[in-house]
Amino acid sequence: MPRQRSDHLTDRQEKIARFIREWIADKGEYPTLSDIGAAMGFSARSSVHYQLQQMEQLGAVMRAKEGRRSVYRPMT
């Protein structure tokens with residue numbers, strides 16, 4: 001079982017949140033599920049979606065509609 005952080009995110013979820021923040025800072029836009037999956041080594045977008053849903057329930061990201069796709073904004 002992954003180690004839980006004090007804010008209840010797993011190590012993997014912490015890495016995803018950090019990746020999203022860095023992507024936004026570098027590119028000025030939100031990463032796609034495919035972008036996140038490629039960076040995290042996931043073979044399926046559904047794995048990324050699952051992690052983001054869990055993170056949303058914990059308040060670490062917020063889902064928003066931007067244009068034609070949903071994006072996840074980090075809350076911290």
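The values are calculated or read from the model by the stated rules, or taken from the named source; none is laboratory data. Just so it is clear, the structure is predicted and the values come from calculations on it, not from any experiment. Cβ coordinates were reconstructed from backbone atoms using ideal geometry, including for glycine residues, and neighbour counts include every protein chain displayed. SASA here: full protein model, heavy atoms, side chains in, ligands and nucleic acids out. Shrake-Rupley method; radii C 1.70, N 1.55, O 1.52, S 1.80 Å.
If you check residue 67 against the conditions, is it modelled with pLDDT of 85 or more and among the small types (Gly, Ala, Ser)? No: the conditions fail for residue 67. Of the residues making up segment 24-41, those that are surrounded by 11 or more Cβ atoms within 10 Å (Cβ to Cβ) and either at positive phi or among the charged types (D, E, K, R) (or both) are 29, 35.
Within segment 5-30, the set of residues being assigned to a loop (DSSP other than H, G, I, E, B) and touching a strand residue (DSSP E or B) at 6+ places or on another chain (Cβ under 8 Å) comprises 30 only. Scanning segment 42-62 for residues that are open to solvent by 50 Å² or more (accessible area, probe 1.4 Å) and either at pLDDT below 80 or out of contact with any strand residue (DSSP E or B) (no Cβ under 9 Å at 6 or more places or on another chain) (or both) returns 43, 45, 46, 49, 50, 57, 58.
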